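Down below is the structure, laid out as structure tokens.
The values are calculated or read from the model by the stated rules, or taken from the named source; none is laboratory data. Just so we're clear, the structure is a prediction, and the values are computed from it rather than from any experiment. In this analysis, Cβ positions are derived from the backbone assuming ideal geometry, glycine residues included, and neighbour counts consider all displayed protein chains. Note: accessible area is taken over every heavy atom of the protein model, side chains too, but ligands, DNA and RNA are not part of it. Shrake-Rupley method; radii C 1.70, N 1.55, O 1.52, S 1.80 Å.
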Amino acid sequence: MNIFKRLFKIGEAETNSAIDKMEDPIKMTEQGIRDMKLDLEKSLEALAQVKALAIRSKNDQDVYKNKAKEYQDKAIIILKKANSKKMDATEADRLAKEALMQKETNEKQLEATKTETEKFEANVSQMQGNVEALKANINNWENELKTLKARVKVSNATKNLNKQMAELDSTGTVSMLERMKEKIAQEEALAEAYGDIANSSKSIDDELDKAADTTEAAADDELQKLKEQLGFNKPKK
């Protein structure tokens, strides 16, 4: 039992492998349509042959019908001659009998030909239906082929796009871009923080420099000394 299961699994694997290795569905469909057209050509040829047999059989009916009438007319003429003493009665009976036998033979052939004609016409009707069905199938598959080609184009485009997107995500490009975006945002925030700190530090220094500025006091002292040298600050008597 295990051997059979193993063989079944092997066969199943080979079948799946064969399906995976199938040719392009477009090419297979085109080949299928070409095969159907070859079948159509053969069917049309066979239909023409059967139609020819039906036509010939119908023509044979007219031939046998006319011959039967001719033999009937001949028998009548012979009997009339015998009746009018223009022919020997015994000979006339013999010939009239032969004519009637030929008439009967042609009537039998006529009936047989009618049966053949009916069969041929039935075959023609059936084959004509098969030909029309085959034409309809070819037309449908040609339309299906157009749709299939369009679907293949769309599916290939979609597959390629999805593949690109899948590969893009699988290689971490999207994640990398997100990290870069986050890093840039962090750098911008850090730069802004340093700017705030720089502005804050500059303001404190300015206040300190202003509070500790001795430039104006030194100028006042120098001005006073100069006035004393010039004697402007001496007390008046």
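Below is a table of values for the structure above.
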quantity	calculated
Rounded percent of accessible protein surface that carbon and sulfur make up, the stretch 40-188, 1.4 Å probe	53 percent
Neighbour cut-off at most 14 other Cβ (10 Å), DSSP loop, trypsin sites (Lys or Arg not before Pro), the stretch 35-114	K85, K86
Accessible surface, per residue, of the stretch 23-157 when the full set of protein chains is kept, probe 1.4 Å, Å²	72 Å²
As computed over the stretch 16-112, the Cα convex hull volume per residue (Å³)	103 Å³
Placed amide H near M87: partners under 5 Å, 5+ positions off or other chain	A82
Cβ-Cβ FRET estimate between D35 and I55, R0 fixed at 30 Å, reported to 0.05	0.50
